[in-house]
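Presented below is the structure to which this report refers.
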Amino acid sequence: ATTDIYTLSLHDALPILERVGAESGGFNVYGPSSSGKTTGARVAASVMGGKPYVQSWRTTANALEATAAKFNDSLLILDEISQSSPKEIDTTFYMLANEHGKNRMTASATERPGRSWRVIVLSTGEKDLAAHINEGGKTVRGGHMVRCLDIPSDSGAGMGLFEDIHGATNADEFAQILQNLTMQYYGSAFPAFMEKIITFPTAKDDISKGTKKFATEVTPPNASGEVLRAIQRFALVAAAGEIASGLGITGWKLGESLAAAKKCFKAWLEHRGDTVAGDVSY
């Protein structure tokens, strides 16, 4: 499925965030229950180390600081955004994207620096971020929506997240097959990518070329700064996925990661509704 390819490519972008000066941020795959969102999250987690890598939104902001630091330079997967507090979700996503927690005072009245991290967040839930913020009685700002890019889970093929169920009887059966496979095969792709990317001499240049190519092909006329920032996040994932495929990590044909990122970007833009600044459109 396109979204599966895209979520798997998220991992490949992580080791190069610092190299290219990219900012942390996230994606929220939202849609009806049983549409394949959690399955997609588990597939993404299998790149790193399996089901335990899927964390829950049901936690406090303070605990999430520790979780983000724990997953520094990794993919932070947070399942079921509706379990987070709608009154805190706006500030929580700002915190995650801004890469730093609160400074605190110790018992001896000295300042203890807050934790820091660099992550890409993959969130799932039945609601988009705007709906969840509105439930908390708060105003949605453009800054919220560029830090968390909402992607609908409906691929348009009538099978929820999936576009191709590869011979399974239905989407539910295919989801179960994927979940079973993620419990058998996990934890090898990301270390292999890390091992190769560290010594890959042209990685930074190739990523720069890839992101520019993506931006050139998808940027709509009169795009606001927020849309341009979103494009850069999609572009980074697309370029990193292509590099991983070229290194023999993914098993995908060249161009598949790029096509998946384009489709996800288009879905995000259609959900957003326009290309103007978010504080105007929301």
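The values are calculated or read from the model by the stated rules, or taken from the named source; none is laboratory data. Because the structure is predicted, anything quoted here is derived from the model rather than measured. Positions of Cβ are generated from backbone atoms using ideal geometry, with glycine treated the same way; all protein chains shown enter the neighbour counts. Ligands, DNA and RNA are excluded from the accessible area calculation, which covers all protein heavy atoms including side chains. Shrake-Rupley method; radii C 1.70, N 1.55, O 1.52, S 1.80 Å.
Annotated for segment 20-163: lysine pairs at least 8 residues apart or interchain, Cα distance under 22 Å, count 9.
For K51 and T275, compute 0.36 nm times the residue count separating them, minus their Cα-Cα distance, and round to one decimal in nm.
Numbers: separation 224, 0.36 × 224 = 80.64 nm, distance 3.67 nm.
Stretched out fully, the K51 to T275 stretch lengthens by 77.0 nm.
Carbon-plus-sulfur accessible fraction, segment 220-282 (probe radius 1.4 Å, protein heavy atoms only): 56%.
Residues considered: I165, I231, I89. Largest GNM mean-square fluctuation over the chain, using C-alpha springs under 10 Å, is found at I165.
Can you put M183, M48, M145 in order of accessible area, largest first, using a 1.4 Å probe? Walk me through the numbers on the way to the answer.
On the way: M183 120, M48 30, M145 10 Å².
Most to least solvent-accessible, the answer reads M183, M48, M145.
Take the convex hull of the alpha carbons in segment 76-188; its mean projected area over all directions comes to 10.8 nm².
Per residue, the chain exposes 45 Å² of solvent-accessible protein surface, assessed with a 1.4 angstrom probe and all protein chains in place.
When the solvent-accessible surface of protein heavy atoms is calculated with a 1.4 angstrom probe, in what order do D172, D79 fall, highest first? Each step should come with its number before you reach the end.
On the way: D172 110, D79 25 Å².
Reading off the accessible areas and sorting them downward yields D172, D79.
Among S153, S85, S188, which one moves the most in a GNM of the chain with springs linking Cα atoms closer than 10 Å? Among S153, S85, S188, the largest mean-square fluctuation in the Gaussian network model of the chain belongs to S188. Applying the Karplus relation 6.51 cos²θ - 1.76 cosθ + 1.60 with θ = phi - 60° to segment 156-170 yields 3J(HN,Hα) values of x, 9, x, 10, x, 5, 8, 10, 9, 9, 6, x, 5, 5, 7 Hz, where x marks Gly and Pro. Proximity of backbone amide H atoms, modeled 1.01 Å from N, is registered between I120 and S74, L76 at under 5 Å, excluding neighbours fewer than 5 places apart on the same chain. The base-10 log of I(q)/I(0) for the chain, evaluated at q = 0.14 Å⁻¹, reads -1.00 [Debye formula, identical scatterers on Cα atoms, solvent excluded].
Where both residues lie in the chain, what percent of DSSP beta bridges are antiparallel, nearest 5? Close to 15 percent.
Per-residue surface analysis assigns F265 an accessible area of about 10 Å², computed on protein heavy atoms at 1.4 Å probe radius. Extension gain for the segment T139 to Q184, taken as residue separation times 0.36 nm less the Cα-Cα distance, is 11.8 nm to one decimal.
Work out the FRET efficiency for L247 and T91 from their Cβ-Cβ distance, taking R0 = 30 Å, and round it to the nearest 0.05.
Working: r = 38 Å, r/R0 = 1.28.
Here the calculated transfer efficiency is 0.20.
Taking a ≥ b ≥ c as the square roots of the Cα gyration tensor eigenvalues, with a/c under 1.5 meaning rounded and otherwise prolate when a/b beats b/c, else oblate, which class fits segment 53-106? Present the calculation step by step, with values, prior to reporting the outcome.
Numbers: a/c = 1.71, a/b = 1.15, b/c = 1.48.
Cα axes put segment 53-106 in the oblate bin.
Here segment 45-162 exposes an accessible surface that is 46 percent carbon and sulfur, computed with a 1.4 Å probe and the other protein chains kept in place.
Out of T211, T39, T139, any idea which swings most in a Gaussian network model of the chain, alpha carbons joined below 10 Å? Looking only at T211, T39, T139, the biggest GNM fluctuation is shown by T139.
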